[in-house]
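Enquirer: Could you have a look at this structure, given as structure tokens, before my questions?
The values are calculated or read from the model by the stated rules, or taken from the named source; none is laboratory data. Everything quoted here is computed from the prediction, not taken from an experiment. Cβ coordinates were reconstructed from backbone atoms using ideal geometry, including for glycine residues, and neighbour counts include every protein chain displayed. Surface accessibility is based on the protein's heavy atoms, side chains included, excluding ligands, DNA and RNA. Shrake-Rupley method; radii C 1.70, N 1.55, O 1.52, S 1.80 Å.
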Amino acid sequence: MTHLLVAREQMAFTLGFHIILASLGVAFPAITLIANYRGWRKGDDDAMELARRWSKVMAVTFAVGAVTGTVLSFEFGLLWPGFVSRFGDVFGVPFAIEGIFFFVEAIFIAIYLYGWKRLSTKAHFWTGVPIVIAGLGGALSVVSANSWMNQPTGFTLSHGKVTSVDPLSAIFNNAMPYEVPHMILAAYILTGFLVASVYAVGMLRGRRDRRHRIGFLIPFTVAAIATPIQFAVGDTAARAVAKDQPVKFAAMECVQQTHRDVTEYLGGVCTSDGVKGGLGIPGLDSFLVGFSTNTKVTGLDSVPPSDRPPANTLLHLAFDAMVGICTALMGLGAWLGIAWWRRRDLPKSRWFLRASALAGAASILALECGWIVTEVGRQPWIVYNILRTKDAVTTAGGVPVMFAAILVLYAVVGTVAVVVLRGMAKRWREGDGSDDDGEVPYGPPAATGGAG
């Protein structure tokens, strides 16, 4: 049990850290290309300069994400040998595909960075398109592996061993159609609001130039468009979880006993006697599941205590926080939409910028809460209803030492990333408004004319 607890804590920490960088890797290239496209097609020098700067930030976050992602991939074998040895032939397929997308993204990020001032504007723009596609493909591959853990298909168990693997069935499992768009949209929401929050802080400090305005509007608009779509996708996903993983849903909503006309609670503490301290709305939970208050909702009493997820209050509050933040972000997007419709301008109130400055951190919190619901809610299973987490964990010693080493590594990597990004921002802020770095290290010298 000690090994299990430490292994789960390590996996939670590394996944929680990496998922932020992975989200940036999925969505930041698209936001950068939007600025690039505007600079190219509209002749907007400020937008083009933003694209140039964002491409460098994109490279830094991608490099850090490569480190944290590599650690995460090794953890599967080191911490969960019972899982890898038994089901590696199944869930390894999407991870192998993700590796291909990763290298494609890395190659074209290098080409895109090198191509500034070395390619035509049109050619340079199109070198960025594969980065966007690879980011989406990588997200699809990884999330399909996670969705397979929630809805395992594409194989046959014979005497406890996996046979007859069907890779396509494993990748396109029952949970994949809603988990993949849910994660991709979350990545665009997080990246959009996070980047916009940086410029919102700058505008609150008096930097109201056009570059700050565009730097705020492009990512904020992307996130504001994605948020209501995410709300609809999330609603569909919750209904699918209630059908396919009813015990997880019962833990999320603190439903102790199977019954109809189930009350929806906002907040509160889950107990064996029901929710204490929450705001109850009679019948709403049943209505959200089946569009009728007479819908039967499966409770935790449907399975033995050993098959129930732990930490029900954590699950319940994480789910409420995720939905609540998404709702608030939709309101923030509507605030900008109304002001733009009326005056073609940002809202005049400084409270809008204050809220936008907090939106980046709020979107990170919502993403982390979503993964808490996904992973903790699946417990005690690592492969739903087939393999328990405790049966997959390593029995080798040294897990706490490895966890301590990873904490140190991530602290160093995270600190270096923050220092580098802050240094870049300071240099841009104190510069002459341009981002001319001169010669690229190891690149060809600039043409000087004359005979060769």
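Enquirer: Suppose the chain between residue 386 and residue 345 were pulled fully straight at 0.36 nm per residue; how much longer would it get relative to their current alpha carbon spacing?
Expert: Extra length available between residue 386 and residue 345 comes to 9.3 nm.
Enquirer: Each label point is 7 Å from the Cα along the Cα-to-Cβ direction; what then is the distance between the points at residue 296 and residue 422, in nm?
Expert: 5.8
Enquirer: Report the calculated FRET efficiency for residue 358 and residue 279 (r = Cβ-Cβ distance, R0 = 22 Å), to the nearest 0.05.
Expert: 0.40
Enquirer: Right, here's the next one. State the answer as a single residue: which of 330, 397, 64 lies farthest towards the positive end of the charge dipole of the chain, with beta carbon charges of +1 for Lys and Arg and -1 for Asp and Glu, about the Cα centre.
Expert: Selected residue: 330.
Enquirer: Summarise the accessible area of the range 105-152 (1.4 Å probe, protein heavy atoms) by the percent that is carbon and sulfur.
Expert: For the range 105-152, the apolar C and S fraction of the accessible surface comes to 77 percent.
Enquirer: Under Stokes-Einstein, with the Kirkwood radius over Cα pairs standing in for Rh, what whole-number D in µm²/s applies to the chain at 25 °C and 0.890 mPa s?
Expert: So the translational diffusion coefficient is about 103 µm²/s.
Enquirer: Hey, any idea what % of the range 167-210's accessible area is carbon plus sulfur with a 1.4 Å probe?
Expert: Answer for the range 167-210 is 65 percent, counting heavy atoms of protein chains only.
Enquirer: Can you pull the three principal axis extents for the Cα set of the range 182-299, in Å, largest first?
Expert: 58, 28, 20
Enquirer: For residue 162 and residue 114, calculate 0.36 nm times their separation in residues minus their Cα-Cα distance, and state this gained length in nm to one decimal.
Expert: Value of the extension gain: 12.7 nm.
Enquirer: With no other cysteine's Cβ closer than 4.7 Å, which Cys residues of the chain count as lacking a disulfide-compatible partner?
Expert: 326, 369
Enquirer: Another question, then. Give me the accessible area per residue for the range 262-362, probe 1.4 Å, as a whole number in Å².
Expert: Ligands and nucleic acids excluded, the figure is 53 Å² per residue.
Enquirer: Another question, if that's okay. Please work out the C-alpha center-to-center distance from the range 392-415 to the range 57-104 and express it in whole Å.
Expert: 16
Enquirer: What percent does the relative contact order of the range 178-331 come to when contacts are Cα pairs within less than 8 Å and at least six residues apart?
Expert: For the range 178-331, the relative contact order is 22 percent.
Enquirer: What does the accessible area per residue of the range 383-425 come to in Å², with a 1.4 Å probe and no ligands, DNA or RNA counted?
Expert: Accessible area per residue: 55 Å².
Enquirer: Measure off, as a whole percent, the carbon and sulfur share of the 1.4 Å-probe accessible area of the range 358-433, all protein chains present.
Expert: 68
Enquirer: List the relative contact order of the chain as a percent without decimals, with contacts defined as Cα pairs under 8 Å and 6+ residues apart.
Expert: Result for the chain is 18 percent.
Enquirer: Turning to a different aspect of this structure: First select every other residue whose beta carbon is under 14 angstrom from the beta carbon of residue 286; then total the charges, Lys and Arg +1, Asp and Glu -1.
Expert: Overall, the nearby charge balance is 0.
Enquirer: Below 8 Å between Cα atoms, with a sequence gap of 6+, how large is the relative contact order for the range 279-428 in percent?
Expert: 22
Enquirer: Let me ask something else. For the range 84-92, what does the Karplus curve 6.51 cos²θ - 1.76 cosθ + 1.60, with θ = phi - 60°, yield as ³J(HN,Hα) per residue in whole Hz, taken in order and with x for Gly and Pro?
Expert: Residue by residue, the range 84-92 yields 5, 5, 8, 10, x, 5, 9, 7, x Hz.
Enquirer: What does the helix-only formula give at 222 nm for the chain: each DSSP H stretch with n ≥ 4 adding -39500 (n - 2.57), the total divided by the residues, and the result rounded to the nearest 500 deg cm²/dmol?
Expert: So the helix-based figure for the chain works out to -25000 deg cm²/dmol.
Enquirer: Taking loop as defined by DSSP and a crowding limit of 13 other beta carbons within 10 Å, which trypsin sites (Lys or Arg not before Pro) in the range 312-346 fit?
Expert: Listed in order of number, the matching sites are 344.
Enquirer: Something else now. For residue 94, what is the net charge nearby, where nearby means another residue's Cβ is under 14 Å from its Cβ and Lys, Arg count +1, Asp, Glu -1?
Expert: -4
Enquirer: Round to the nearest 10 and give me the degree value, 0 to 90, for the angle of helix 176-204's Cα axis relative to the longest principal axis of the chain.
Expert: That works out to roughly 50 degrees.
Enquirer: Computed FRET efficiency, Cβ-Cβ of residue 41 and residue 236, R0 35 Å: what is it to the nearest 0.05?
Expert: Efficiency at R0 = 35 Å is approximately 0.50.
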